[in-house]
Amino acid sequence: MPATHSTRMLILGSGPAGLSAAIYGARAGMAPIVVQGIQPGGQLTTTTDVENYPGFRDVIQGPWLMEEMQAQAEHVGARMVWDHIVEADLSRRPFRLIGDGGTVYSGDVLVIATGAQAKWLNLPSEEHLKGRGVSACATCDGFFYRGKKVAVIGGGNTAVEEALYMTNHSHEVTLIHRRDSLRAEKILQDRLFAHPNIRVLWNKAVDRFVAGGDPEGLVGLDLRDTKTGEIDRLEVEGGFVAIGHSPATELFKGKLALDADGYIEVETGTTRTSVAGVFACGDVMDKVYRQAVTAAGTGCMAALDAERFLAEMEFEASAAA
């Protein structure tokens, strides 16, 4: 018989949002179980230098930060479980998650912190240079490219916003788009075209991220003209892939209200979802900020919302009795 693990607070995901929810939930006496998923620690475990998380004067390492968060959560009473969830039953409380080995996790409340993954171009040269000139987050990593030539790849809101952001650090920002028009909102396009430090290369696709130097890093992009097939090289030291994100919400399609991009919808100012007792935090519900510190903040909110929900349910049950 598959094992069943029950708790008052069940948390799915173990990035900054999930672990912050676990810390607050444990301190509130809810003995949370955190199902870590296939990437314990979330996206920060694949990030090297972190320079913008409050409380640290020096550059810290993403994996170390997540290890510290997990240790703190366990210290105050949260329980970590490694499993890959393949099914979620939100039709009644307690909610049930089922792992790929059949193990059942049951919770009076559920906090979803499954995050979102950046979309990449899936080039071998891109993978080779991730963290060494190639990034998917200008807001996270732009500071490391002060005074350097950079390129942003994409044509939607994310790409335009990241190009505009990078002008805070670079006087030479190139936006590369495979088509001859942008998909971004017109107001963003107007700002982009009016900025003196941004140029746009139309009908260009990245064929290769070029490595060089000692220590090795990004030194250029080989760009293929989408109409003629010609290859030209653009010398840059930073390349930001900004073609969108994919929220990890496949489990919840048809069970929770999702927006047009697949992110979990929450009640404004809260982490409450369309199902009472289910809460969402971090990048799975936030497609605007996508920072470790904002994810941690919404994790705190989710735990507090969940605690209040349980207190109300228990009060109503007591009054009825």
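Taken together, the values in this text are just the output of simple stated rules run on the coordinates, not laboratory data. Just so it is clear, the structure is predicted and the values come from calculations on it, not from any experiment. Counting neighbours? That spans all protein chains shown, and the Cβs are built from the backbone with ideal geometry, glycine included.
Cα to Cα, under 21 Å, and not fewer than 8 places away if on the same chain: which lysines meet these conditions relative to Lys227?
Cα-Cα hits under 21 Å: Lys204.
Charges at C-beta only: +1 for Lys and Arg, -1 for Asp and Glu. How large is the resulting dipole of the stretch 120-241 about its Cα centre, in Debye rounded to 20?
The calculation lands at about 260 debye.
Using modelled backbone amide H atoms (1.01 Å from N, in-plane), which distant-in-sequence or interchain residues come within less than 5 Å of Val50's amide H?
Answer set, sorted by chain and number: Ile60, Gln61, Gly62.
Can you give the extra length, in nm with one decimal, that the chain gains between Ala71 and Glu51 once fully stretched, where that is 0.36 nm per residue apart less the Cα-Cα distance?
5.1 nm is the gain from fully extending Ala71 to Glu51.
Using the Cβ atoms and a cut-off under 14 Å, what net charge is assigned to the surroundings of Gly254, where Lys and Arg are +1 and Asp and Glu are -1?
Residues close to Gly254 contribute a combined charge of -2.
Quick one: which of 260-273, 159-172 comes out on top by average Cβ neighbours within 10 Å, and what's the full order, highest first? Can you show the working numbers first?
Values: 260-273: 16.3, 159-172: 20.4.
Sorting 260-273, 159-172 by mean packing, highest first, produces 159-172, 260-273.
Counting alpha carbon pairs within less than 8 Å and at least 6 residues apart, what relative contact order, in whole percent, applies to the stretch 120-241?
Over the stretch 120-241, the number comes to 30 percent.
Using the Cβ atoms and a cut-off under 13 Å, what net charge is assigned to the surroundings of Arg233, where Lys and Arg are +1 and Asp and Glu are -1?
Taking every other residue near Arg233 into account, the sum is -2.
Would you please name the chymotrypsin sites (Phe, Trp or Tyr not before Pro) within the stretch 1-101 that are DSSP coil residues with at most 15 other C-beta atoms within 10 Å of their C-beta?
The qualifying sites are Phe56, Trp82.
Which of the lysines could a cross-linker span from Lys253 if the Cα-Cα distance has to be under 18 Å and same-chain partners fewer than 8 positions apart are dropped?
Lys287
Kindly put Arg92, Arg290, Arg79 in sequence by how many other C-beta atoms sit within 10 Å of each C-beta, fewest to most.
Arg92, Arg79, Arg290
Restricting attention to the stretch 162-193, which trypsin sites (Lys or Arg not before Pro) occupy a DSSP loop and are surrounded by at most 15 other Cβ atoms within 10 Å? Intermediate results must be reported in sequence, preceding the final value.
Values: sites: Arg178, Arg179, Arg183, Lys186, Arg191; in loops: Arg178, Arg179, Arg183.
Passing both the DSSP loop test and the Cβ count: Arg179, Arg183.
Report the Cα-based extents of the chain along its three principal axes, largest first, to the nearest Å.
The Cα atoms of the chain stretch 74, 39, 37 Å along the principal axes, largest first.
Quick one: Debye curve from the alpha-carbon atoms of the stretch 120-241 only, equal weights, vacuum; give me log10 I(q)/I(0) at q = 0.15 Å⁻¹ to two decimals.
For the stretch 120-241, the Cα-only Debye profile gives -0.60.
Report for the stretch 120-241 the percent antiparallel among DSSP-assigned beta bridges with both residues inside it, nearest 5.
45 percent
Calculate the spin-label point distance for Ala320 paired with Gln61, positioning each point 7 Å from the Cα along the beta-carbon direction, and give it in nanometres.
Taking the two extended label points, one gets 5.2 nm.
Quick one: which residues, 5 or more positions from Arg8 or on another chain, have an amide H under 5 Å from its amide H? H modelled 1.01 Å from N in the peptide plane, none for Pro or chain starts.
Excluding prolines and chain starts, which carry no amide H, the hits are Asp108.
As a test, work out the antiparallel percent of DSSP beta bridges whose residues both lie in the chain, rounded to the nearest 5.
Antiparallel: roughly 45 percent of the beta bridges in the chain.
Check cross-link reach from Lys130 to the aspartates and glutamates: straight Cα distance under 18 Å, and skip same-chain residues fewer than eight apart.
Within the straight-line limit of under 18 Å, Lys130 reaches these aspartates and glutamates: Asp49, Glu51, Asp141, Glu162, Asp207, Asp214, Glu216, Asp222, Glu235, Glu237.
Scan the stretch 38-107 for GluC sites (Glu not before Pro) in coil per DSSP, keeping those whose Cβ has at most 14 other Cβ atoms within 10 Å, and list them by number.
Glu51
Restricting to DSSP H runs of at least four residues, report the calculated mean residue ellipticity at 222 nm for the chain, -39500 (n - 2.57) per run over all residues, nearest 500 deg cm²/dmol.
-8000 deg cm²/dmol
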